[in-house]
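Here the structure comes first, spelled out in structure tokens, and everything after it is commentary.
The values are calculated or read from the model by the stated rules, or taken from the named source; none is laboratory data. All figures in this text were calculated on a predicted structure; none of them were measured in a lab. When we count neighbours, we look across all protein chains shown, and the Cβ atoms used for this are built from the backbone with ideal geometry, even at glycine. Ligands, DNA and RNA are stripped out before the accessible areas are found, and what is left, the full protein with its side chains, is counted by its heavy atoms. Shrake-Rupley method; radii C 1.70, N 1.55, O 1.52, S 1.80 Å.
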Amino acid sequence: MKLPRADSLFTRLLLLQIGVAIALATVFAAIVYVERNVAVARLVAERWAPALLHAAALPGAPALAPQRVPLRSEARPAQGWRPSLAAPRMAALADEFERHGLRFDDALIARGPGGPVLWLQIRAGDGRSAWYGVADAALLPRLPGRVLLAVVISALILVAVSWIFTRRLTRPLEQLRQRMQSHRPGQGSVTAAPIAGASPEVAAIAVAHDELLQRYERHERERALLLAGVSHDLRSPLARIRMAAALLPEDEASAPWREAIARNTEVADRLIGSFLDQVRAGELPLDQHADLAAIARSVAAEAGRGGTAPAVDAPQSLMLAHSHPLLLERLLANLVDNACKHGRAPVALALRAEGAVVRIEVSDAGPGLPDERREALTEAFARGDAARGTPGTGLGLAIVARIVARMGGRLAFERRDGRHVACVTLPAHP
């Protein structure tokens, strides 16, 4: 069984209830302890009063010598500790002795041959003070074993009940957390079943979360539809502009204009393509198997046209379930393109399976992303200072982050052996 974290709500509630239970058990034990000592003190006084009266020759002493004979010492015993006469036990003892006509001036508890001895300083009938010792094991200030056992058993029962109660209280919260974490962008909003055993407050939070998720998914669908529609409609006029530029006279005067038109329409076409990739990253279903190794080699070969292709370190085949080939191609292509444009050669692409995950690493010899801007640069249209003069749309890393989030993975950036490494970890579904 997995133990809860020390700072979790479960642990805090459990410790609070255990603390209250221990405090109540301590108060109960203290009350029982005091009442026990008071009762024992009265019994001891009742039992030893005749013997002390007879030994001190005080009025009210029995005519016949009692069976119990107290110890006697003219001087104060050398060792022992003086109990507080105001303590409940000693106060009850003095009260009971006084009811029998016996008063003592001081008290001392010492250890004798057979156990504890209560020494009392009593003024005898002849006016002289002497110390009389009462050897009685009942005077020991101890908690009865049965009471102690009852307190321990009660504390264990309270701890067990607190554990069960706290677990039942926090389990719906844990289920709600797992439901929230299991949702992936683009997965769609499905009304989940009510959480079993949830309190009205937790059930209301779950309903509010489902409603918020539905509004978010509706907003994402509308945004994707608008973006796809605008991108699609823009490509038709761009094609006409490109065709019109091709029909311009091929003379020296119009050549710069023709090249400028072609260059800008190409930039606009790439931007529209990035918009469509952004839409696909959230819309394409993750219902296919894809060979990640084959896609990586294809991406590296495409990136190497007109230059040096990135080195690929991958197994012969690496199948990934619950994915989509186009999404994986866009993921790898954007990472490689980012390394080639903004990093420095040599660029390397490595794939490997590590247990339950697949690890993708794209590295280059460039300075990499600044630590303070790594998270910001994964947002749409965000560009670093070093990329200001480099052609691009600012959507590459945003598309990568969106695909990785949809597939339940993790995107990180590291510095390793003097190289900048973009690391993507994806779950390797069976």
Notebook entry, point to check: Restricting attention to the stretch 316-350, which residues are of a type in the set (G, A, S) and touching a strand residue (DSSP E or B) at 6+ places or on another chain (Cβ under 9 Å)?
Noted result: S317, A321, S323, A339, G343, A345, A348, A350
Next item on the list: Residues that are modelled with pLDDT under 75 and open to solvent by 20 Å² or more (accessible area, probe 1.4 Å): find the strands (runs of 3 or more DSSP E) completely inside the stretch 331-430 holding 2 or more of those.
Entry: none
Check: Consider R111 against the criteria (1) part of a strand (DSSP E or B); (2) open to solvent by 10 Å² or more (accessible area, probe 1.4 Å); (3) at pLDDT 85 or above: it satisfies all of them except one. Which criterion is unmet?
Finding: (3)
Notebook entry, point to check: Tally time: how many residues in the stretch 70-88 are over 60 Å from the mean Cα position of the chain (by Cα), among the small types (G, A, S) and either within 19 Å of A124 (Cβ to Cβ) or open to solvent by less than 100 Å² (accessible area, probe 1.4 Å) (or both)?
Noted result: 2
Next item on the list: Could you run through the stretch 315-336 and say how many residues are among the charged types (D, E, K, R) and in contact (Cβ under 8 Å) with a residue 40 or more places away in the chain?
Entry: 1
Next item on the list: Taking the options R235, R171, R167, R146, name whichever one is among the charged types (D, E, K, R), surrounded by 12 or more Cβ atoms within 10 Å (Cβ to Cβ), at pLDDT below 75 and part of a helix (DSSP H, G or I).
Entry: R235
Notebook entry, point to check: Of the residues in the stretch 18-69, how many are open to solvent by 90 Å² or more (accessible area, probe 1.4 Å), of a type in the set (V, I, T), under 30 Å from V161 (Cα atoms) and free of Cβ contacts under 8 Å to residues at least 40 places away in the same chain?
Noted result: 1
Next item on the list: Report, by residue number, each residue of the stretch 195-214 that is of a type outside the set (V, I, T), surrounded by 11 or more Cβ atoms within 10 Å (Cβ to Cβ) and out of contact with any Leu (no Cβ under 8 Å at 6 or more places or on another chain).
Entry: G197, A203, A204, D210, E211, L212, L213, Q214
Item checked: Every pair of residues 6+ apart whose Cβ atoms lie under 6 Å, when the first sits in the stretch 75-95 and is over 19 Å from D136 (Cα atoms) and at pLDDT below 85 while the second is open to solvent by less than 40 Å² (accessible area, probe 1.4 Å) and hydrophobic (A, V, I, L, M, F, W, C) -> none
Item checked: Residue check, L156 at pLDDT 75 or above and more than 30 Å from R12 (Cα to Cα) -> no
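Conditions (1) over 17 Å from W131 (Cα atoms); (2) outside any loop (DSSP other than H, G, I, E, B); (3) β-branched (V, I, T); (4) touching a helix residue (DSSP H, G or I) at 6+ places or on another chain (Cβ under 9 Å), marked per residue:
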{"residue": "N37", "(1), (2), (3), (4)": "yes, yes, no, yes"}
{"residue": "L52", "(1), (2), (3), (4)": "no, yes, no, yes"}
{"residue": "L58", "(1), (2), (3), (4)": "no, no, no, yes"}
{"residue": "P62", "(1), (2), (3), (4)": "yes, no, no, yes"}
{"residue": "A75", "(1), (2), (3), (4)": "no, no, no, no"}
{"residue": "Q79", "(1), (2), (3), (4)": "no, no, no, no"}
{"residue": "P83", "(1), (2), (3), (4)": "no, no, no, yes"}
